[in-house]
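Novice: This is the structure, below, for whatever I ask next.
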Amino acid sequence: MSTLNVKLTLGNTSALSDVISFSVSDALSVTSPSEMSRINVLHTSPTEFAAASTGTHYVYIKNIGTNSRVVEIRTAGGTSFGQLATGEFCFVPLLNNGGVEAISLVGSEVVEYAIFKKA
């Protein structure tokens, strides 16, 4: 078992009437297997990162493509829950035995991902 240190910092002086400035962090317990890779996500069929029924995972996904194409993030059952434009990312704690997949809305796009199994 090992520790995955995560931190989210939000800061802005013009989005709202008040200044936004906060940071949260946590130390998450993870175990094998862990995986990190880059793949080409197509628009013809979804690409599955973490299969359903394989336990509980933390998943990081980033659209690192250069084609300015949106990538849709879905559960392994096909329910959409997010979209990533080029340069955008997400970090999601998946439901137990819930998988995640991505599909490009047009053409193909390169996506970087990491999966960490929750201990």
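The values are calculated or read from the model by the stated rules, or taken from the named source; none is laboratory data. Computed from a predicted model, the values in this text were never measured in an experiment. Heads up, the Cβs are rebuilt from the backbone with ideal geometry, glycines too, and the neighbour counts pull from every protein chain shown.
Novice: Out of curiosity, is residue 98 within 25 Å of residue 8 (Cβ to Cβ), of a type outside the set (D, E, K, R) and at pLDDT below 90?
Specialist: Numbers: within 25 Å of residue 8 (Cβ to Cβ): yes; of a type outside the set (D, E, K, R): yes; at pLDDT below 90: yes.
Criteria met by residue 98.
Novice: Could you please give the count of residues in segment 84-96 that are surrounded by fewer than 20 Cβ atoms within 10 Å (Cβ to Cβ) and closer than 14 Å to residue 62 by Cβ? It would help to see each step written out before you state the result.
Specialist: Kept after step one, since they are surrounded by fewer than 20 Cβ atoms within 10 Å (Cβ to Cβ), are these residues of segment 84-96: 85-93, 95-96.
In the following step, the residues that additionally are closer than 14 Å to residue 62 by Cβ were identified as 85-92.
Summing the residues that are surrounded by fewer than 20 Cβ atoms within 10 Å (Cβ to Cβ) and closer than 14 Å to residue 62 by Cβ in segment 84-96 gives 8.
Novice: Would you be able to tell me the number of residues in segment 1-31 that are of a type in the set (Asp, Glu) and surrounded by 10 or more Cβ atoms within 10 Å (Cβ to Cβ)? Full working, then the answer.
Specialist: Looking only at segment 1-31, we keep the residues that are of a type in the set (Asp, Glu), and these are 18, 26.
Filter again for surrounded by 10 or more Cβ atoms within 10 Å (Cβ to Cβ), leaving 26.
Of the residues in that region, 1 qualify.
Novice: With 44, 56, 66, 79 as the choices, which residue is surrounded by fewer than 16 Cβ atoms within 10 Å (Cβ to Cβ), over 21 Å from residue 105 (Cα atoms) and among the polar types (S, T, N, Q)? Even if it seems obvious, please write down each step before you answer.
Specialist: Working: 44 fails: over 21 Å from residue 105 (Cα atoms); 66 fails: over 21 Å from residue 105 (Cα atoms); 79 fails: over 21 Å from residue 105 (Cα atoms).
56 is the lone residue from the list that is surrounded by fewer than 16 Cβ atoms within 10 Å (Cβ to Cβ), over 21 Å from residue 105 (Cα atoms) and among the polar types (S, T, N, Q).
Novice: Please go through segment 97-119 and pick out each residue that is in contact with an Asp or Glu (Cβ under 9 Å, 6 or more places away or on another chain), buried (at least 18 other Cβ atoms within 10 Å of the Cβ) and small (Gly, Ala, Ser).
Specialist: Scanning segment 97-119 gives 99, 102, 104.
Novice: Please go through segment 63-78 and pick out each residue that is of a type in the set (A, V, I, L, M, F, W, C) and at pLDDT 90 or above.
Specialist: Passing the criteria: 64, 70, 71, 73.
Novice: Being closer than 19 Å to residue 99 by Cα and among the hydroxyl-bearing types (Ser, Thr, Tyr) is true for just one of 54, 13. Which residue is that? Break it down stepwise before answering.
Specialist: Working: 13 fails: closer than 19 Å to residue 99 by Cα.
Answer to the check: 54.
Novice: Now for a different question. Would you mention how many residues in segment 38-51 are closer than 20 Å to residue 98 by Cβ and of a type outside the set (Val, Ile, Thr)?
Specialist: 6
Novice: Of all residues in segment 8-37, how many are closer than 20 Å to residue 94 by Cβ and among the charged types (D, E, K, R)?
Specialist: Total meeting the criteria: 2.
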